1. Taking Thr292 as the residue in question, decide whether it is in a helix (DSSP H, G or I) and in contact (Cβ under 8 Å) with a residue 24 or more places away in the chain.
2. I'd like to verify a number: residues in segment 239-270 that are in a helix (DSSP H, G or I), touching a residue at least 24 places away in the same chain (Cβ under 8 Å) and surrounded by fewer than 17 Cβ atoms within 10 Å (Cβ to Cβ), how many?
3. Whether any residue in segment 308-316 is of a type in the set (Gly, Ala, Ser) and outside any helix (DSSP H, G or I) is what I want to check.
4. Only one of these is free of Cβ contacts under 8 Å to residues at least 40 places away in the same chain, basic (Lys, Arg) and either within 19 Å of Ala33 (Cα to Cα) or open to solvent by 20 Å² or more (accessible area, probe 1.4 Å) (or both): Arg173, Arg189. Name it.
5. Taking the condition of a type outside the set (Val, Ile, Thr), modelled with pLDDT of 70 or more and crowded, with 24+ Cβ neighbours inside 10 Å, does Leu371 pass?
6. Suppose we filter segment 98-114 for residues that are over 18 Å from Ala194 (Cβ atoms) and either assigned to a helix (DSSP H, G or I) or among the charged types (D, E, K, R) (or both); how many remain?
7. When you look at Cys162, is it open to solvent by less than 10 Å² (accessible area, probe 1.4 Å) and either touching a strand residue (DSSP E or B) at 6+ places or on another chain (Cβ under 6 Å) or more than 26 Å from Ala369 (Cβ to Cβ) (or both), yes or no?
8. In this structure, does Leu250 turn out to be out of contact with any Gly (no Cβ under 8 Å at 6 or more places or on another chain) and not polar (S, T, N, Q)?
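The values are calculated or read from the model by the stated rules, or taken from the named source; none is laboratory data. Note that this is a predicted model, so its numbers are computed, not measured. So basically every Cβ, Gly included, is an ideal-geometry build from the backbone, and we count neighbours across all protein chains shown. What goes into the accessible areas is simple: the full protein's heavy atoms, side chains included, and nothing from ligands, DNA or RNA. Shrake-Rupley method; radii C 1.70, N 1.55, O 1.52, S 1.80 Å.
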Amino acid sequence: MAPRRGTDPGVGERIRARRLGRGWSVRFAASRAGVSHATWSRIERGLQGADNRFMLADIAGALECAPVDLVGVVVPASDRATAAARGGVLGLRRALIDIDLSEAPAGSAPPLAELKRTVALVEALHQACDYAGATQVLPGLLRDLHTETAGPDHVEALRLLCDAASNASSVLRSLGFPADAWLGAERCRDAAEASGDPVLRGHAAYILARASIACGSHQRGQTIAERAVNQLEQHRGRPGRPETLGSLHLVAALASRCRDRIDDSREWLTEAAVLARRTGETNTMGMFFGPTNVDIWRMSIEVDDGDPGLVVEIAQRTDAAKIPAGVRQVFYYADTARALARIGGRDREAIRYLLTAERIAPQHVRTAAELIEPIRVLLDRSRRQAGGSELRGLSERMQTS
């Protein structure tokens, strides 16, 4: 059998090297990932691509590494912002370890009003996918908010700490550091629990479930989301409850899809859509819950082993600009590009969507493991056609070629 056109043999080689390094047989490793040993063997030999992000996540989880370790993404030295974002991870990790609420804080902090403005800045940086800026500001902010939790305005400080830790978790997850994202989500949960606010606890559960899924713990993510949905049912009428509940439905849909429960996933999405019609477009706690975001989530869930035609159909009726945040718009453009690449025959459109995604959120796109294989496939096809120069430029910026 000849290698599938566009498949990167390096991915299979890295998978094989990690498996052999642990002394595992193909059958044992495949059983850990929940895939057939024949599929695992074909991927190792470069006969089949691991271009499904769910399969790639399962294989990475089985090998106890991050997906980015398998696709071999290297931060281009010339891309200073992306390199700075990754370089800021260690400092952010240390800050998250330091802000244990069971430990008494030390020192002093700026006035709470100033910290509130800094939290708003971090939220804006995150929404713009400026991960370098966020990782620079977050460590000091987290420590200052931790200090303020021992002060007279401790309830407000806890709410702000929950927001900051939520953004830290999302940034770390986007940069390909799922275990650190889990730590950030735990700090978000701790602050929410200490605040006593059930809606804030629901939001923290949403962040925790997303981090769990990123780590490959799909059942755990499902359990967290479902438990939080049940708890929020007891607190009707609270501000922010419908948007938080809807967001939990979305993450439950993703967890179900990761567990190959496709029908369950679509049921969760349907329930989220019903809630979104009631809430309209919102930006509660930076979740952007509403009809547009439900459609973007549906696209992300369907693009892998789902229906790429449906993804394109949803894209055609969806106006991503209704969500004024690159952190959500980038998924609309990137997933549309992935769907078009799978359909074939519409490569120019796929390339245009990819370049738009990069323009909106360059730091996100250049570190997105799920885009590596589609770009390689498109690049291979474009070498036999005109108009591939822009795609080659993107490939070089991601160092995928």
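1. yes
2. The total comes to 1.
3. Within segment 308-316, not a single residue is of a type in the set (Gly, Ala, Ser) and outside any helix (DSSP H, G or I).
4. Testing whether each residue is free of Cβ contacts under 8 Å to residues at least 40 places away in the same chain, basic (Lys, Arg) and either within 19 Å of Ala33 (Cα to Cα) or open to solvent by 20 Å² or more (accessible area, probe 1.4 Å) (or both) leaves just Arg189.
5. Considered against the rule, which asks whether it is of a type outside the set (Val, Ile, Thr), modelled with pLDDT of 70 or more and crowded, with 24+ Cβ neighbours inside 10 Å, Leu371 comes out as yes.
6. Residues that pass the stated criteria total 2.
7. yes
8. Spelling it out, Leu250 is indeed out of contact with any Gly (no Cβ under 8 Å at 6 or more places or on another chain) and not polar (S, T, N, Q).
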